[in-house]
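The values are calculated or read from the model by the stated rules, or taken from the named source; none is laboratory data. No experiment lies behind these values; they were computed from the predicted model shown. We place every Cβ from the backbone using ideal geometry, glycine too, and count neighbours over all the protein chains shown.
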Amino acid sequence: MSAISIRDLSVDFGGQVLAVDNVSLEIDSGQFVAIVGPSGCGKTTILNHLTGLLPVQRGTILIGGEPPRAGSPRVTYTLARDCLFPWRTALDNVCFGMELRGIAPAEREQRARRALEQVGLAGFADAYPKALSHGMRQRCALARGFCLDAEALLMDEPFGALDAQTKIQLEDLLLELWGQTRRTVVFITHDLAEAVALADRVIVMSARPGRIVADMPIDLPRPRHVRELQRDPAFLSLYSRVWEQLERGIQMSEGAPA
């Protein structure tokens with residue numbers, strides 16, 4: 001059984017805008033899957049359905065064999081913004097999700113401190129978000145997500161607003177954390193190099209209405225280091241192939257056959 005199963009998902013808004021059209025996708029447990037596509041093709045809409053934030057209109061979605069529901073402990077959702085509470089310290093922000101799930105105070109503090117150490121913020125547990133750089137806040141958000149021990153980690157352009165150097169550092173950090181836990185990851189990005197560097201598979205979507213144009217395996221060996229990959233001919237070849245498929249998706253007009 002797939003960890004995440006999407007079958008024949010179609011989504012329209014108000015009966016006027018068809019955002020996603022007949023998308024089917026099976027994701028195995030422990031896979032890292034990146035989804036790329038033009039703006040407005042429904043990438044975030046798919047994530048919002050996986051979390052249960054939006055009800056399924058047509059088609060079926062299963063997470064671990066169960067329909068998604070808002071607040072399910074099976075998934076965590078990391079956004080482009082860190083979404084830290086400014087009145088809580090880094091430690092308390094990392095603890096927040098565990099509080100909602102009823103984890104005992106001593107255990108959640110232990111988990112949070114360990115996670116902050118893993119992301120290089122052990123010395124900033126008592127710092128408030130205003131004292132942290134953007135990259136440090138995103139590290140804190142990563143720690144919060146990985147602390148929850150969810151089966152699937154859903155990520156919507158979590159590094160999209162970062163400078164190039166910080167972005168590569170956090171991509172490497174994500175690969176390191178994922179390598180330790182092998183969670184199932186669905187990662188949305190506009191950065192094709194990021195998708196190829198991180199993922200086991202890259203799903204390419206068309207222009208709206210979003211349809212799957214290509215499902216491309218990324219057979220680069222692991223462990224990976226993002227900066228080193230950028231000089232690897234195999235990486236460059238895969239990057240070029242993903243671009244070709246994305247261009248095909250951009251050229252597909254609304255209503256055109258998949």
Output the residue which, of all residues in the range 72-100 that are over 17 Å from the mean Cα position of the chain (by Cα) and in a loop (DSSP other than H, G, I, E, B), is surrounded by the most Cβ atoms within 10 Å (Cβ to Cβ).
-> LEU84
Exactly one of LEU142, LEU177 is assigned to a helix (DSSP H, G or I), surrounded by 20 or more Cβ atoms within 10 Å (Cβ to Cβ) and either among the charged types (D, E, K, R) or at pLDDT below 95 (or both), and that one is LEU142
Output for the range 145-169, where each listed residue is part of a helix (DSSP H, G or I) and closer than 22 Å to GLU109 by Cβ | GLY145, PHE146
Expected output for the range 34-49 (first residue surrounded by fewer than 24 Cβ atoms within 10 Å (Cβ to Cβ), partner among the aliphatic types (A, V, I, L, M) and not in a strand (DSSP E or B), Cβ below 8 Å, 6+ apart or cross-chain) is PRO38/ALA207; PRO38/LEU246; PRO38/ILE250; GLY40/ALA207; THR45/LEU54; ASN48/LEU54; HIS49/VAL56
Count - residues of the range 200-213 that are surrounded by fewer than 24 Cβ atoms within 10 Å (Cβ to Cβ), part of a loop (DSSP other than H, G, I, E, B) and touching a strand residue (DSSP E or B) at 6+ places or on another chain (Cβ under 8 Å) = 3
Failed condition for LEU62, given (1) in a loop (DSSP other than H, G, I, E, B); (2) out of contact with any helix residue (DSSP H, G or I) (no Cβ under 9 Å at 6 or more places or on another chain) | (1)
